[in-house]
Amino acid sequence: GGGQQQQRPRYQPPELHSVVRGAVTRIEPYGCFVRIGDGPVSGLVHVSQLHAGRVESPDDVVNLDDVVYAKVVEVTREENEDPETGRTRVRHRVRLSMKYADQDTGEDLDPDHSRAENDASRSGGGGGGG
């Protein structure tokens with residue numbers, strides 16, 4: 001590789017439906033946070049997305065600093081105005097799923113996203129597609 005040092009690149013959120021690798025940075029009752037690559041952003045893996053089977057507690061599946069594979073299932077852009085500087089700050093909220101990524105190889109286990117869509121429609125988001 002190589003190349004010149006560039007200015008700090010603008011943060012690019014991960015590609016939707018791509019599989020990312022990262023370390024578990026935080027574990028909560030409702031899921032765990034995985035740092036995406038070595039970037040500044042962590043994505044939430046909801047407890048229902050940790051494992052194909054039923055998960056009582058995220059601690060059963062992951063430990064802090066575990067390196068895991070996860071599939072990007074949702075990227076939400078949020079713009080917030082900083083009250084002090086008046087400048088708009090952009091944040092990206094990323095939702096991840098570990099059950100759609102093979103934890104050994106990082107292979108995408110849901111390449112046509114059909115299982116993810118079934119999940120989404122089951123949890124009810126209102127509104128039909130079209």
Inset, instruction - Quick one: pull the percentage of alpha-carbon pairs in the chain with a separation above 19 Å. - result: 55 percent
Inset, instruction - In a Gaussian network model over the chain where Cα atoms closer than 10 Å are linked, find which of Gln49, Gln103, Gln12 has the largest mean-square fluctuation. - result: Gln12
Inset, instruction - Work out the FRET efficiency for His113 and Thr76 from their Cβ-Cβ distance, taking R0 = 22 Å, and round it to the nearest 0.05. - result: 0.85
Inset, instruction - Taking only Cα atoms and a 10 Å spring cutoff, compute GNM fluctuations for the chain and point out the largest among Arg26, Arg115, Arg35. - result: Arg115
Inset, instruction - Please work out how much length the chain gains when fully extended from His51 to Ala23, using 0.36 nm per residue of separation minus the C-alpha to C-alpha distance, in nm with one decimal. - result: 8.4 nm
Legend entry - Tyr11, Tyr30, ranked by accessible area, largest first (probe 1.4 Å): Tyr30, Tyr11
Inset, instruction - Can you send over the solvent-accessible area of Thr76, 1.4 Å probe, protein chains only, in Å² to the nearest 10? - result: 50 Å²
Inset, instruction - Would you look at the GNM of the chain, springs on alpha carbons closer than 10 Å, and say which of Glu74, Glu84, Glu28 moves the most? - result: Glu84
Inset, instruction - Before rounding to the nearest 500, sum -39500 (n - 2.57) across all DSSP H runs of length at least 4 in the chain and divide by the residue total; then give [θ] at 222 nm in deg cm²/dmol. - result: -2000 deg cm²/dmol
Legend entry - For the chain, with +1 on Lys and Arg beta carbons and -1 on Asp and Glu, the positive-most of Ser114, Leu64, Leu44 along the dipole: Leu44
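The values are calculated or read from the model by the stated rules, or taken from the named source; none is laboratory data. Since the structure is predicted, the reported quantities are computational estimates derived from the model, not experimental observations. Note that each Cβ is placed from the backbone with ideal geometry, even for glycine, and that neighbours are counted across all protein chains shown. Keep in mind that these areas ignore ligands, DNA and RNA; they rest on the heavy atoms of the full protein, side chains included. Shrake-Rupley method; radii C 1.70, N 1.55, O 1.52, S 1.80 Å.
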